[in-house]
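**Student:** This is the structure, below, for whatever I ask next.
The values are calculated or read from the model by the stated rules, or taken from the named source; none is laboratory data. Remember, it's a predicted structure, so these values are computed and weren't measured experimentally. Ideal geometry is used to build each Cβ from the backbone, glycine not excepted, and the neighbour counts take in all protein chains shown. Please note that ligands, DNA and RNA were not included when accessible areas were found on the heavy atoms of the full protein model with its side chains. Shrake-Rupley method; radii C 1.70, N 1.55, O 1.52, S 1.80 Å.
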Amino acid sequence: MRFRPVVAVILLGFAALGPGHAGSGNVAEHVGDYTWPKKGRGFGGFSGLELSDDGRHFMAIGDRGTIVQGILQRQDGRITGVEAGKIKRLKNSKNERITPFMSDSEGLAVAPDGRIFISFEGFHRVWTYRDPQAQAEWLTRHPDFQFMQDNSSLEALAIDADGALYTLPERSGKMERPFPVYRFADGAWTQPFSIPRRGEFLPVGADFGPDGRFYLLERDFTGIFGFRSRVRSFEIGATGVTDEITLLETYAGTHDNLEGIAAWRDDDGYIRLTMISDDNYRPFQVTEFVEYRVPASLDGRRAGR
């Protein structure tokens, strides 16, 4: 989601506040943060993130139709640096550089064979790519996509172990209305179930973890006090979501505008949640990697569920 200029002015106050603290009810353990220094044309706006199984190699997309790959340098398991390639522009289905109207890329999912899937706002859709510089290929669109709210549609995208895609809009339309989940499998979209809406938080990123659970990153923008972040996890079955767990909920200002999430298993056997922030291309915001660890008791496979 792109924030309007008036919001950017409000954020000046947030930048001056400095970091806050995670909420007292968190069950996920904070591992560390790393601020990625701004450099190069097109840097920033990162809204989707994917990591390799070992948590080192990454792919990220920016919300102006950009994509970048790189390596996360680590010491004692914590991120200490980033080696990244050139930030590149995505192409459309005609093998041309993507136009501004079509460029609001938000959600990212990568299949085991390397095929890339990206969800877009503005013109609400999902495109797929053989590799980062290939031309886009269309997926069919669910009829609901054309009626979604501008700047608040397909923010989150994830792929499960069977290769099915899951996406949901940033807004549901009403505070009491759940978020509809759309699944793409066997060449068609369905809307099999919804995820409960809890308070002011809105979905911005998603991933399936190595335990098979669905991890949903949500954000709440509080104005001058900055952003709050929340991560919920769910079991997803044929008929819907169950076993909802809130793993993380931060106070405003704890982190910047976290929008992308990747779940993986670290060398100690714990599920690690790595998130990246969208700086909205503003000099007073930062691009940061933030990591939390899921307790073994809440890891579906380690707990023997």
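**Student:** Quick check: convex hull of the Cα atoms in the chain, volume per residue, rounded to a whole Å³? Show your work: numbers first, answer last.
**Tutor:** Values: hull volume 38.7 nm³, N = 305.
Taking only Cα atoms, the chain has a hull volume of 127 Å³ per residue.
**Student:** Is it possible to state the helix-based mean residue ellipticity at 222 nm for the chain, with each DSSP H run of 4+ residues giving -39500 (n - 2.57), the sum divided by total residues, to the nearest 500 deg cm²/dmol? What is it?
**Tutor:** Numbers: 1 runs with 13 residues, N = 305.
After summing the helix terms and dividing by the residues of the chain, the value is -1500 deg cm²/dmol.
**Student:** Just grab the label-to-label distance for K38 and K94, each label 7 Å out from Cα along the Cβ direction, in nm (one decimal).
**Tutor:** With each label point 7 Å from Cα toward Cβ, the separation is 3.3 nm.
**Student:** As a test question: what accessible area, to the nearest 10 Å², does S172 have when a 1.4 Å probe is rolled over all protein chains in place?
**Tutor:** 10 Å²
**Student:** Using θ = phi - 60° and the Karplus relation 6.51 cos²θ - 1.76 cosθ + 1.60, list the HN-Hα couplings for region 257-274 in order, rounded to whole Hz, with x at every Gly or Pro.
**Tutor:** So the J values, rounded to whole Hz, are 7, 5, 10, x, 9, 9, 10, 8, 10, 7, 5, 8, x, 8, 6, 10, 9, 9.
**Student:** Further question: If you only keep lysine pairs separated by 8 or more in sequence, or across chains, how many in the chain come under 26 Å at the Cα atoms?
**Tutor:** Details: K38/K86; K38/K88; K38/K91; K39/K86; K39/K88; K39/K91; K86/K94.
The result is 7.
**Student:** What ranking, highest mean first, results for peptides 204-212, 182-190 when packing means the other Cβ atoms within 10 Å averaged over each residue?
**Tutor:** Values: 204-212: 22.2, 182-190: 14.7.
My ranking of the peptides, most packed first, is 204-212, 182-190.
**Student:** What ranking, highest mean first, results for peptides 118-125, 217-224 when packing means the other Cβ atoms within 10 Å averaged over each residue? Can you show the working numbers first?
**Tutor:** On the way: 118-125: 22.4, 217-224: 19.0.
The packing order, highest mean first, is 118-125, 217-224.
**Student:** Using a ≥ b ≥ c from the Cα gyration tensor of region 74-179 (square roots of the eigenvalues), is it rounded, prolate or oblate, where a/c under 1.5 gives rounded and otherwise the larger of a/b and b/c decides, a/b for prolate? All intermediate terms of the calculation are to be shown ahead of the outcome.
**Tutor:** Numbers: a/c = 1.69, a/b = 1.26, b/c = 1.34.
Note, shape of region 74-179 comes out oblate.
**Student:** Further, regarding this structure: With the full set of protein chains in place, find how many percent of the accessible area of the chain is carbon and sulfur; take the probe as 1.4 Å.
**Tutor:** 50 percent
**Student:** If you don't mind, another one. For region 46-86 and region 242-261, what is the centre-to-centre distance using only Cα atoms, to the nearest Å?
**Tutor:** 19 Å
**Student:** Between F284 and W138, what FRET efficiency comes out of the Förster formula 1/(1 + (r/R0)^6) with R0 = 22 Å and r the beta carbon distance, rounded to 0.05? Please list the in-between numbers first.
**Tutor:** On the way: r = 38 Å, r/R0 = 1.72.
The value I calculate is 0.05.
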